[in-house]
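Participant: Structure incoming, see below.
The values are calculated or read from the model by the stated rules, or taken from the named source; none is laboratory data. Computed from a predicted model, the values in this text were never measured in an experiment. Quick reminder, even Gly has a Cβ in these numbers, built from the backbone with ideal geometry, and neighbours come from all protein chains shown. Ligands, DNA and RNA are excluded from the accessible area calculation, which covers all protein heavy atoms including side chains. Shrake-Rupley method; radii C 1.70, N 1.55, O 1.52, S 1.80 Å.
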Amino acid sequence: MEADFTQITIQLLMGLAYAIPTLFFIVISIYYLLKMGSQIDGILILAGNVIIFLCIVIGRILFIQFAFYQKWEGTIYSYITTAISIVSVIGSILFAVGIFLLMKKVIKAKSLTS
């Protein structure tokens, strides 16, 4: 089956739209690291978001491969997407821990100034 270029483009654009908030967080965390130096919270936030972004991109590419080019059977695709989801959860955990450490630091600094 010949893949429809329009449908592939729509899928790629939808993946990009889904990834825009993650790209925004990557830019913010890079800015934070540049201003504050190598802080563990900033590194965790950046690493988590890069992992999440890569999972979004890889997941979208794999979906296009599965849906339009029919490269794999459904069970193989299911195993691959499950693995990507597990990696994405790890990225989300890193992000959450980084945000927690940053909030803890801000709350501590605020309580010292009060």
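Participant: Give all pairs with beta carbons closer than 6 Å in which a residue from region 2-22 that is in contact (Cβ under 8 Å) with a residue 60 or more places away in the chain meets a residue that is assigned to a helix (DSSP H, G or I); count only pairs at least 6 apart in sequence or on separate chains.
Facilitator: As it stands, the answer is ILE8/ILE64, since those pairs meet every condition given.
Participant: Of the residues that make up region 32-43, is at least one in contact (Cβ under 8 Å) with a residue 12 or more places away in the chain and among the acidic types (Asp, Glu)?
Facilitator: Scanning region 32-43, I find at least one residue that is in contact (Cβ under 8 Å) with a residue 12 or more places away in the chain and among the acidic types (Asp, Glu), so the answer is yes.
Participant: While we're here: Just one of TYR69, TYR77 is in a loop (DSSP other than H, G, I, E, B) and farther than 21 Å from PHE24 by Cα; which is it?
Facilitator: Working: TYR77 fails: in a loop (DSSP other than H, G, I, E, B).
Testing whether each residue is in a loop (DSSP other than H, G, I, E, B) and farther than 21 Å from PHE24 by Cα leaves just TYR69.
Participant: Continuing with this model, one more query. Tell me, yes or no, whether region 52-67 has at least one residue that is more than 14 Å from the chain's Cα centre (by Cα), open to solvent by less than 30 Å² (accessible area, probe 1.4 Å) and touching a residue at least 12 places away in the same chain (Cβ under 8 Å).
Facilitator: yes
Participant: If I go through region 1-25 residue by residue, how many of them are under 9 Å from the mean Cα position of the chain (by Cα) and of a type in the set (Val, Ile, Thr)?
Facilitator: Count: 1.
Participant: Just the residues that are under 21 Å from the mean Cα position of the chain (by Cα) and modelled with pLDDT under 85, please, taken from region 68-86. Outline the logic, then answer.
Facilitator: First pass over region 68-86, keeping only residues under 21 Å from the mean Cα position of the chain (by Cα): 77-86.
TYR77, the sole residue that qualifies.
Participant: So, of the residues in region 31-51 that are part of a helix (DSSP H, G or I) and of a type in the set (Ser, Thr, Tyr), which turns out to be surrounded by the most Cβ atoms within 10 Å (Cβ to Cβ)? Full working, then the answer.
Facilitator: Here is the first cut: in region 31-51, the ones part of a helix (DSSP H, G or I) are 31-36, 40-51.
With the extra rule that they be of a type in the set (Ser, Thr, Tyr), the set shrinks to 31-32.
Numbers: TYR31: 11, TYR32: 18.
Going through the qualifying residues, I end up with TYR32.
Participant: Continuing with this model, one more query. Filter region 1-30 down to residues that are closer than 30 Å to TYR69 by Cβ and among the aromatic types (Phe, Trp, Tyr) and give me whichever is surrounded by the fewest Cβ atoms within 10 Å (Cβ to Cβ).
Facilitator: Here the answer is PHE5.
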